[in-house]
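Asker: Here it is: the structure, laid out below.
The values are calculated or read from the model by the stated rules, or taken from the named source; none is laboratory data. Note that the coordinates shown come from a computational prediction; the quantities given were computed from them, not determined experimentally. FYI the Cβ positions are ideal-geometry reconstructions off the backbone, even for glycines, and counts take in every protein chain you see. Note: areas computed on protein heavy atoms with side chains; ligands, DNA, RNA excluded. Shrake-Rupley method; radii C 1.70, N 1.55, O 1.52, S 1.80 Å.
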Amino acid sequence: MTRFSAKAHIRPDYNYSNFHKSLLHENNSEDYALRHLYSLENTKLLLQNWGWSAEEIKQGIDYATIDVYKHVVYLHIPSKIEKRSQLIKIRGISRFISKADYVDVLVNRAWQKADPYKLQPGDNWDDLIVRGNTGEFYELRLYKYEISCTCHAYSGLEKAFAQDPVAAKHLMLNPTAQGQIPDKHIFAAWKYLGCETLRQYEYCWLERKEAAMKELWQFDPDPEPEPELADW
């Protein structure tokens, strides 16, 4: 029996796309794209954006089928469900969705959850430290064109986009992320630095580097005088 990593991907009587099946692994924890990109949580927000009420989403979300193709995602929620041996009419949907919509939701969710007050300076100008929900500390490394984090969510998202090149393309085209892995710690660092897009971050990174180099230069001891040439 094929194992799936999320409730939306367990329909036993449905023939999923070949691309969808290629995202599956023997170890469910390796189904990164299904878990991080095409999840029920992201789908809930899409439905909310399309005008579904909280009650309509609650009624139908556990019956959702999310089928991932190479370029699009197919979402189906039946208009009738069986509950206590009775057929109940609910709001249904059958439509293809751009992967850009899922990427946008992922970016927006990460931005909303980003908390700059959980950050503290690291040992160097290009390091920040963040404390996770379970008490462990993660390191953020500031590079010129991106930020990386040692947390598990960042690693999972990175692998998810590596599994799905089309989603990765939409991440590059996203006006906020512009290719940056959309993890809440990364966006917390953006807020900490006072920026809202990758381009703004690149400018902040340059200013931060120049300030650090200037401070280093100011506190350097006077260089040793060069030896004088002997008079002959």
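Asker: Within the range 105-128, take every residue that is open to solvent by less than 40 Å² (accessible area, probe 1.4 Å) and of a type outside the set (A, V, I, L, M) and give me the one that is farthest from GLY194 (Cα to Cα). Lay out the reasoning, then the answer.
Answerer: Of the residues in the range 105-128, the ones open to solvent by less than 40 Å² (accessible area, probe 1.4 Å) are 105-107, 110, 114, 116, 119, 122, 126-128.
When the remaining residues are screened for being of a type outside the set (A, V, I, L, M), the result is 116, 122, 126-127.
Numbers: PRO116: 10, GLY122: 17, ASP126: 15, ASP127: 16 Å.
Out of the qualifying residues, it is GLY122.
Asker: Let me ask something else about it. Only one of (1) touching a Pro at 6+ places or on another chain (Cβ under 9 Å); (2) buried (at least 20 other Cβ atoms within 10 Å of the Cβ) fails for ILE90. Which number is that?
Answerer: The single condition ILE90 does not satisfy is (2).
Asker: Could you grab me the full set of residues in the range 155-181 that are without any contact (Cβ under 8 Å) to a residue 24 or more places away in the chain and not hydrophobic (A, V, I, L, M, F, W, C)?
Answerer: SER155, GLU158, PRO165, LYS169, PRO175, GLN178
Asker: For the range 78-124, what are the residues that are over 28 Å from TYR38 (Cβ atoms) and out of contact with any strand residue (DSSP E or B) (no Cβ under 8 Å at 6 or more places or on another chain)?
Answerer: Across the range 78-124, the qualifying residues are ARG84, SER85, GLN86, PRO116, TYR117, ASP123, ASN124.
Asker: Restricting to the range 23-65, name every residue that is open to solvent by less than 20 Å² (accessible area, probe 1.4 Å), modelled with pLDDT of 95 or more and farther than 18 Å from ILE181 by Cβ.
Answerer: Across the range 23-65, the qualifying residues are THR43, LEU46, LEU47, TRP52, ILE57.
Asker: Name the pairs whose Cβ atoms lie under 6 Å apart, with the first residue in the range 109-121 and part of a helix (DSSP H, G or I), the second among the β-branched types (Val, Ile, Thr), and 6 or more positions between them or separate chains?
Answerer: LYS118/VAL130
Asker: May I pose another question? In this structure, does VAL103 turn out to be assigned to a helix (DSSP H, G or I), of a type in the set (Val, Ile, Thr) and either closer than 30 Å to GLU210 by Cβ or in contact (Cβ under 8 Å) with a residue 24 or more places away in the chain (or both)?
Answerer: yes
Asker: Conditions: (1) modelled with pLDDT of 95 or more; (2) surrounded by fewer than 19 Cβ atoms within 10 Å (Cβ to Cβ); (3) closer than 28 Å to ALA188 by Cβ. LYS99 meets all but one. Number of the miss?
Answerer: Unmet condition: (2).
Asker: Residues in the range 79-94 that are within 21 Å of TRP50 (Cβ to Cβ) and of a type in the set (D, E, K, R): how many?
Answerer: 3
Asker: In the range 1-89, which helices (runs of 4 or more DSSP H) lie fully inside it and hold 1 or more residues that are touching a residue at least 60 places away in the same chain (Cβ under 8 Å) and either in contact with a Gly (Cβ under 8 Å, 6 or more places away or on another chain) or under 23 Å from ASP101 (Cα atoms) (or both)?
Answerer: Values: elements: 18-22, 40-49, 54-60.
Helices (runs of 4 or more DSSP H) meeting the threshold: 40-49.
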